[in-house]
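S.K.: Got a structure for you, written out below as structure tokens; questions coming shortly.
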Amino acid sequence: MKLLKLSLLVFTLTLMPFISFAQETDDYQAYWIHEDRVKPGMTEEYEQIAKDLVAACKEHNVQETQWLTMALNDYSYLYVTPMKNFAELDQDGFASLAEKMGKDKMNALFERFNNTYEEHGDYVVYLNKKLSYMPGGVSQTVEGQNYRTLYYNYVTPENDKGFVETMKKMKAAFEKNNSKLHYRVYKTGFGVMGTYYMVAIAAENNLASAKTGDDNWNAMKDDFEPLLSELSKHTWKTDEKRGWMREDLGYIPAK
């Protein structure tokens, strides 16, 4: 029994940073991510089911939930819902849909997804507003810029602090050069094995993203290049993904 109590205490202490960050503050915003890793040959069918779900929520004026949707080039779909606290994870965001649509009918709709993906799951990430660079105000959506480039930087516990300090220098360099390339920084939280910082950059399309990146490099290479080298010392793996914010697959309840 003492061992059980000790294990629970350690688990609770481990969760404390995530619990405190789950509150929306001036510096952080938590997001609940549901990720579907869709079979490459099933994307058309999958998207039709997702559209049917959105249509059902609109028809029945579901108010308990909302989400933005991003479709990535590895056939994964991310459903992003802002969180105020962890208690929201216990709430059924589709309770009223089941009541108005009929539970059996709603379940049948969700069961249609089962054949379209290999795996899916849920986790939490945190938008770090202090590390993000968006002079006009930090926002997930940018009008006219639905294309996304995502840079994943994986860090070990011993390198976490160093990575953050370098990202602070990076933001200062962008501010110094009044860079036109804006970005947001997210850190993984509950439900993710290991730790990564994901840098998200919005643009109109791939060509516009590449041009902004080239212009930024030419404008601040002397500051940017050594900071990129410094960042690499704090990461053990990097990855890059691209995709689109899909307004047709997202749902924001009408007020």
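S.K.: From the list ARG246, ARG184, exactly one residue is surrounded by 13 or more Cβ atoms within 10 Å (Cβ to Cβ), of a type in the set (Lys, Arg) and closer than 30 Å to HIS60 by Cβ. Which is it? Before the answer, list the steps.
M.R.: Details: ARG184 fails: closer than 30 Å to HIS60 by Cβ.
None of the others qualify; the one that does is ARG246.
S.K.: Restricting to the range 43-66, name every residue that is basic (Lys, Arg) and farther than 15 Å from GLY93 by Cα.
M.R.: Just the residues of the range 43-66 that are basic (Lys, Arg), to begin with: 51, 58.
Matches in the range 43-66: LYS51 only.
S.K.: Those residues that are touching a strand residue (DSSP E or B) at 6+ places or on another chain (Cβ under 9 Å) and among the polar types (S, T, N, Q), I need them from the range 106-125; list them, please.
M.R.: Within the range 106-125, the first condition is being touching a strand residue (DSSP E or B) at 6+ places or on another chain (Cβ under 9 Å), and the residues that meet it are 113, 116-125.
If the condition is that a residue be touching a strand residue (DSSP E or B) at 6+ places or on another chain (Cβ under 9 Å) and among the polar types (S, T, N, Q), then THR116 is the only one that fits.
S.K.: Still on this structure, please answer the following. Which numbered condition in (1) of a type in the set (A, V, I, L, M); (2) farther than 30 Å from GLU59 by Cα; (3) surrounded by fewer than 16 Cβ atoms within 10 Å (Cβ to Cβ); (4) within 20 Å of the chain's Cα centre (by Cα) is the only one that LEU228 fails?
M.R.: (4)
S.K.: I'm trying to understand the selection: among the residues of the range 142-163, which are of a type outside the set (Phe, Trp, Tyr) and either touching a strand residue (DSSP E or B) at 6+ places or on another chain (Cβ under 7 Å) or within 23 Å of ASN85 (Cβ to Cβ) (or both)? Give the derivation first.
M.R.: Step one: list which residues in the range 142-163 are of a type outside the set (Phe, Trp, Tyr), which gives 142-146, 148-150, 153, 155-162.
Answer for the range 142-163, where residues must be of a type outside the set (Phe, Trp, Tyr) and either touching a strand residue (DSSP E or B) at 6+ places or on another chain (Cβ under 7 Å) or within 23 Å of ASN85 (Cβ to Cβ) (or both): VAL142, GLN145, ASN146, ARG148, THR149, LEU150, ASN153, VAL155, ASP160.
So that you can scan it fast, the table gives a plain yes or no per residue for (1) surrounded by 16 or more Cβ atoms within 10 Å (Cβ to Cβ); (2) in contact (Cβ under 8 Å) with a residue 24 or more places away in the chain; (3) not in a loop (DSSP other than H, G, I, E, B); (4) not assigned by TED's automatic domain parsing to the domain that holds SER76:
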site	(1), (2), (3), (4)
PHE113	yes, yes, yes, no
LYS130	no, yes, yes, yes
GLY137	no, no, no, yes
GLN145	yes, yes, no, yes
TYR154	yes, yes, yes, yes
LYS168	no, yes, yes, yes
MET193	no, no, no, yes
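The values are calculated or read from the model by the stated rules, or taken from the named source; none is laboratory data. In this text, all values refer to a predicted model and were calculated from it rather than measured experimentally. Please note: Cβ atoms are built from the backbone with ideal geometry, for glycine as well, and neighbour counts cover all protein chains shown.
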